[in-house]
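A quick write-up on the structure given underneath.
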Amino acid sequence: MAGDKRAALDLGTWLYWEDECGQNLRPPQARTWAPCGRTPVVTVTGKGYGRVAVVGLVCAKPGQRTRLMYRVLVRRGQPGEVKGFGPAQFARLLDAAHAQLGGRLVLVWDNDRRHLSRAMRAAIEARAWLTVFRLPAYAPELNPAEGVWSVLKRGLANLAAHDVDQLTMLVKTKLKRMQYRPALLDGFIAQTGLILEPL
């Protein structure tokens, strides 16, 4: 881990990795078992528009249980609705994480244009307890939050939700289950090759 991030961990701060993902009503495809000669078919209604956007934080600190925090945004295709997470939503999530875990926070995220916007930079500067580092371009393998989305998508594979409300319930249920599995979250961090134990 880079020296500045190493120093942040030695000071006892929480290290957060952030990422976003989304899922529409069309389920991800996955392999499954079926009787020989009978190809399984998943029927999708195809009615209406719906998308569930999720932003998540994998939170780690040596000596503490690894945490997963997230927010869900439901898009129904209505005029004037918020289309995705912006600086205000990101800032609210970070404020909630700070209120829950306390102390200084070190946030690591990618170079998404929303993360680099003027409004987001102003929100970061207004929070003295927050330090932000950006991942290198095209390096999802360094972000443990990508593991969360991988497990989530596998859990949704071949499940055809009837509407966006059912899809939202499925997404929240699967994320809630991951929150109670800190060993799984530790595995996502280990998969990146990062070592969080102080030297």
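The values are calculated or read from the model by the stated rules, or taken from the named source; none is laboratory data. The model shown is predicted, which means the values in this text are computed figures rather than measured ones. FYI the Cβ positions are ideal-geometry reconstructions off the backbone, even for glycines, and counts take in every protein chain you see.
Brief remarks on what is shown
- Enumeration of residues in the range 83-99 that are surrounded by fewer than 18 Cβ atoms within 10 Å (Cβ to Cβ) and over 15 Å from residue 117 (Cβ atoms): 92, 95, 96, 98, 99
- Residues of the range 42-58 satisfying the condition of being modelled with pLDDT of 80 or more and farther than 19 Å from residue 74 by Cβ: 57, 58
- Selection from the range 144-169 of residues that are among the hydrophobic types (A, V, I, L, M, F, W, C) and not in a helix (DSSP H, G or I): 157, 159, 160, 161
- Look at (1) at pLDDT 85 or above; (2) in contact with a helix residue (DSSP H, G or I) (Cβ under 8 Å, 6 or more places away or on another chain) and you find that residue 25 fails only one, number (1).
- Qualifying residue in the range 96-117 (condition: modelled with pLDDT under 90 and assigned to a strand (DSSP E or B)): no
Quick grid of which residues meet (1) within 17 Å of the chain's Cα centre (by Cα); (2) surrounded by 13 or more Cβ atoms within 10 Å (Cβ to Cβ):
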{"site": "110", "(1), (2)": "yes, yes"}
{"site": "114", "(1), (2)": "yes, yes"}
{"site": "117", "(1), (2)": "no, yes"}
{"site": "120", "(1), (2)": "no, yes"}
{"site": "128", "(1), (2)": "no, no"}
{"site": "132", "(1), (2)": "yes, yes"}
{"site": "136", "(1), (2)": "no, no"}
{"site": "140", "(1), (2)": "yes, yes"}
{"site": "145", "(1), (2)": "yes, yes"}
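- Taken together, 183, 161, 190, 157 contain a single residue that is surrounded by 16 or more Cβ atoms within 10 Å (Cβ to Cβ), of a type outside the set (S, T, N, Q) and at negative phi, which is 161.
- For the range 66-83, a residue qualifies if it is in contact (Cβ under 8 Å) with a residue 12 or more places away in the chain and farther than 19 Å from residue 165 by Cβ, and the qualifying residues are 66, 67, 68, 69.
- Subset of the range 50-91 (residues that are among the basic types (Lys, Arg) and either over 21 Å from residue 143 (Cα atoms) or assigned to a loop (DSSP other than H, G, I, E, B) (or both)): 51, 61, 65, 75, 76, 83
- Test result for residue 39, outside any strand (DSSP E or B), at pLDDT 80 or above and on the phi < 0 side of the Ramachandran plot: yes
- Residue check, residue 86 at positive phi and without any contact (Cβ under 8 Å) to a residue 40 or more places away in the chain: no
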